[in-house]
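No value in this document is a laboratory result; all are computed from the given coordinates. Here the structure is a predicted model, which means the values were calculated and not measured. All Cβ positions, even for glycine, are placed from backbone atoms using ideal geometry, and neighbour counts span all protein chains on display.
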Amino acid sequence: EADIYQTPRYLVIGTGKKITLECSQTMGHDKMYWYQQDPGMELHLIHYSYGVNSTEKGDLSSESTVSRIRTEHFPLTLESARPSHTSQYLCASSLGQGDTEAFFGQGTRLTVV
Amino acid sequence: GQQVMQIPQYQHVQEGEDFTTYCNSSTTLSNIQWYKQRPGGHPVFLIQLVKSGEVKKQKRLTFQFGEAKKNSSLHITATQTTDVGTYFCAGGNQFYFGTGTSLTVIP
């Protein structure tokens, strides 16, 4: 079983609020990723990181930020939540030496009302 | 960003029938990976292909990587209800996922 954890699992929040979704892994993986996924739909890459102090934007990053201060921690922040942010957010990590298997967290299901 | 398309988007099959999903990238990939996501779950790694023309098998699942390393396929022989889910390919340095194929198996 993969050691990658996301909190909270479910979150209902009001429009305009600032929120941070947490993601931690204990596998020592260098690469970490955030994806947004609507039910039954494709995964959209939001942000990714190659290691500490490295962050890159994916295709869907304009309304969120990430940080990578520690190897094991890769939080995602929405500065001002909107109903269009309602979705599932999946965090993943991989070893980073070449392209290797990615392990996913259980996801955070976000509802903005 | 990188384009990784999959066809078909949806597939309904009778239990026991075969199923194939195809993955096509707009650029050459160093490798390609396949994942399965059960309804309500998260993607789980199935396999990685690295070499041009590579073919790998896992029981009833056969994975192929194209000669040009721009396309791949997943074939399931004699589907079972446990095969239900969405199958994604993924590749590229930024780890872009394909659009996915949702498989429904009718008992």
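Of the trypsin sites (Lys or Arg not before Pro) in region A:18-113, the ones in a loop by DSSP (not H, G, I, E or B) with at most 16 other beta carbons within 10 Å are A:Lys18. Exposure proxy shown here: for A:Ile13, A:Ile4, the number of other Cβ atoms within 10 Å sets the order, fewest to most, as A:Ile13, A:Ile4. Going from the fewest other Cβ atoms within 10 Å to the most, the residues B:Leu74, B:Leu46 appear in the order B:Leu46, B:Leu74. Once the Cβ-Cβ distance of A:Tyr10 and B:Ala78 is raised to the sixth power relative to R0 = 35 Å, the FRET efficiency obtained is 0.40. Here is the list for region A:64-113: GluC sites (Glu not before Pro) lying in DSSP coil, each with at most 12 other C-beta atoms within 10 angstrom of its C-beta, are A:Glu79. For a paramagnetic label modelled on A:Asp3 (point 7 Å from Cα along Cα→Cβ), amide N atoms under 12 Å away belong, within region A:11-29, to A:25-29.
The ranking of B:Thr21, A:Thr108, B:Thr27 from fewest to most other beta carbons within 10 Å of each one's beta carbon is B:Thr27, A:Thr108, B:Thr21.
The alpha carbon centroids of region A:1-47 and region B:15-48 are separated by 21 Å.
Annotation: average projected area of the protein assembly as shown is 11.7 square nanometres, based on the convex hull of Cα atoms across all directions. Here is the link list: A:Lys31/B:Lys57; A:Lys31/A:Lys57; A:Lys57/B:Lys70; A:Lys31/B:Lys36; A:Lys31/B:Lys56; A:Lys57/B:Lys51. Which ones come out longer than 22 Å on Cα distance? Distance filter (> 22 Å) returns A:Lys31/B:Lys57; A:Lys57/B:Lys70; A:Lys31/B:Lys56; A:Lys57/B:Lys51. Calculated FRET efficiency, A:Thr111 and B:Ile7, Cβ-Cβ r, R0 22 Å, to nearest 0.05? So the FRET efficiency works out to roughly 0.10. Suppose we flag trypsin sites (Lys or Arg not before Pro) only when DSSP calls them loop and at most 14 other Cβ atoms lie within 10 Å. Which is the longest uninterrupted stretch of chain B? The reported range is B:1-50. Taken about its Cα centre, region A:16-102 carries a charge dipole of roughly 360 debye when the Cβ of each Lys and Arg holds +1 and the Cβ of each Asp and Glu holds -1. With R₀ fixed at 45 Å, the C-beta to C-beta distance from A:Tyr50 to B:Glu17 puts the FRET efficiency at about 0.60.
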